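**Q** Sharing a structure, written as structure tokens. Questions coming.
The values are calculated or read from the model by the stated rules, or taken from the named source; none is laboratory data. Values in this document were obtained by computation on a predicted structure and should not be read as measured data. Backbone-built Cβ (ideal geometry, glycine too); neighbour counts: all protein chains shown. Just the protein is used for accessible areas: all its heavy atoms, side chains included, with ligands, DNA and RNA removed. Shrake-Rupley method; radii C 1.70, N 1.55, O 1.52, S 1.80 Å.
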Amino acid sequence: MKRRKFLKRASLTGIGVAVGSNLIAKNSKEHRQSERLFSGVAKNFPIVISTWNTPNATLKAGELLEEGYSSLDAVEQGCMIEEADAKNQSVGYGGRPDRDGNVTLDACIMDKNGDYGAVVYMQNIVHAISVARKVMENTPHVMLAGKGAEEFAVSSGYKKTNLLTQASKVAWEEWKKSANYQPVINIENHDTIGMLAIDKNGDISGGCTTSGLAYKMAGRVGDSPVIGSGLFIDNEIGGATATGMGEEVLKTVGSFLIVELMRQGNSPQKACEEAIRRIVVKNSNFENFQVGYIAINKKGETGYYSIHEYFSVSIYENKTCKNHLSDFYNKN
Ligand code: SD4
């Protein structure tokens, strides 16, 4: 049975897998193995790590860094590639709508100074990540929502665009036939882009941009634009960002947790694994949703981990960009 079908069936029949101490003990051995794999030597900068198979965005960021652009410019412009790509139905233009058919965007950006800007529940503007940067740089605030965010974007020179493409509309109409108004979490592939970059100066920035959970309730905001949950950067330590079921990331303040775990001496890999563990131990329901984390530390070491298989990351280093499948918690 295909995994997605199984998961769907499991959720429909209410089957949950309890997280017993045996499972945790079994996985902690694997955790130690992957810990050894990932604790490495300091890397050459620049370096970029992004969620999912996002070669165009990651390469764009890497190339800008090679040219001497800041990590802030690189993550903004890298994320913009996904926002403009109608084929990516989890981000920006062509994103899947909420259950009423409205595409609403969440995004944030954070820089080496610990400055942060975000937009939440913004409609009709493609480049939410850039608007988030403008919030950070041109307003006394850190987060703008809904109509206010949209009006700020328009007054900053962004043009209004209908974000609902024909493909996303057709998929939404299909979903409505049997949806029962439940949001859909796609375990295998999300494509929300979270990106972390270190520039030639060794400075770290991050960005995260999404259209959120497909067919969510109107007004729903996920983790992606929320500082400490969907993204956190501390230029002395490193950065982390998330993809997947935002509610679970929000409840555990995942990205901040990862950065703090790195501050305590854990590798990015170990920190991502612990943040995932914090989610699954509280959720016997974890079979039914996916969360993936990526992290980078000041030395350029990277880590990534997810609850289920099929999570992957794109890494740009040494002038090449590669996609890597992530290790994951649920081996059953
Ligand atoms: C959210 N974390 O809105 C986002 C969804 C996501 O790929 O990552 N999708 O909950």
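**Q** So what does residue 91 come to for accessible area, using a 1.4 Å probe and Å² rounded to 10?
**A** So the heavy atoms of residue 91 present about 0 Å² to solvent.
**Q** Still on this structure, please answer the following. Would you mind checking which residues have amide H under 5 Å from residue 179's amide H? H placed 1.01 Å from N; only 5 or more apart, or other chain.
**A** none
**Q** Which of 60/87; 43/282; 160/216; 87/177 have a Cα-Cα distance over 26 Å? Kindly include the intermediate steps, with their values, before the conclusion.
**A** Numbers: 60/87 18 Å; 43/282 35 Å; 160/216 22 Å; 87/177 23 Å.
From 60/87; 43/282; 160/216; 87/177, over 26 Å: 43/282.
**Q** Another question, if that's okay. Can you tell me the dipole magnitude for the stretch 231-306 around its Cα centre, using point charges on the Cβ only (Lys, Arg +1; Asp, Glu -1), in Debye to the nearest 20? Working shown, then result.
**A** On the way: 8 positive and 9 negative charges, 26 e Å.
Computed about the Cα centre, the dipole is about 120 debye.
**Q** In whole Hz, what ³J(HN,Hα) sequence does the stretch 115-132 give by Karplus (6.51, -1.76, 1.60; θ = phi - 60°), x for Gly and Pro?
**A** Rounded to whole hertz, the list is 7, 8, x, 8, 10, 10, 6, 8, 10, 6, 10, 6, 9, 4, 5, 6, 5, 4.
**Q** Next up: Of all accessible surface on the stretch 151-300 at a 1.4 Å probe, what whole percent is carbon and sulfur? Don't skip to the end; give the middle numbers.
**A** Details: 2830 of 5620 Å².
On the stretch 151-300, the fraction of accessible area on carbon and sulfur atoms equals 50 percent.
**Q** With a ≥ b ≥ c the root eigenvalues of the C-alpha gyration tensor of the stretch 186-270, is it rounded (a/c under 1.5), prolate (a/b larger than b/c) or oblate? Spell out each step's value before the answer.
**A** Values: a/c = 2.24, a/b = 1.76, b/c = 1.27.
Judged from the Cα gyration tensor, the stretch 186-270 comes out prolate (a/c at least 1.5, a/b above b/c).
**Q** Further question on the same structure: For residue 143, what residues show an amide H to amide H distance below 5 Å, using hydrogens built from the backbone and excluding near sequence neighbours?
**A** Excluding prolines and chain starts, which carry no amide H, the hits are 118.
**Q** Report the Cα centroid-to-centroid distance between the stretch 101-138 and the stretch 293-332 in angstrom, as an integer.
**A** Centre-to-centre (Cα) distance: 24 Å.
**Q** May I pose another question? Which of the listed residues, 314, 328, 302, is farthest toward the dipole's positive end in the stretch 266-332, when Lys, Arg count +1 and Asp, Glu count -1 at the beta-carbon?
**A** 302
**Q** Keeping all protein chains in place, calculate the accessible area per residue for the stretch 43-328 (probe 1.4 angstrom), answer in Å².
**A** I get 37 Å² per residue for this part.
**Q** Right, next: For residue 251, go through the aspartates and glutamates and keep the ones whose alpha-carbon is under 17 Å away, minus same-chain ones fewer than eight residues off.
**A** Hits, sequence-local ones excluded: 223, 260, 273, 274.
**Q** Looking at the square roots a ≥ b ≥ c of the eigenvalues of the Cα gyration tensor of the stretch 43-328, which shape do they give, rounded for a/c under 1.5, prolate if a/b is larger than b/c, or oblate? Intermediate results must be reported in sequence, preceding the final value.
**A** Details: a/c = 1.59, a/b = 1.19, b/c = 1.34.
Taking the square roots of the gyration eigenvalues as a ≥ b ≥ c, the stretch 43-328 is oblate.
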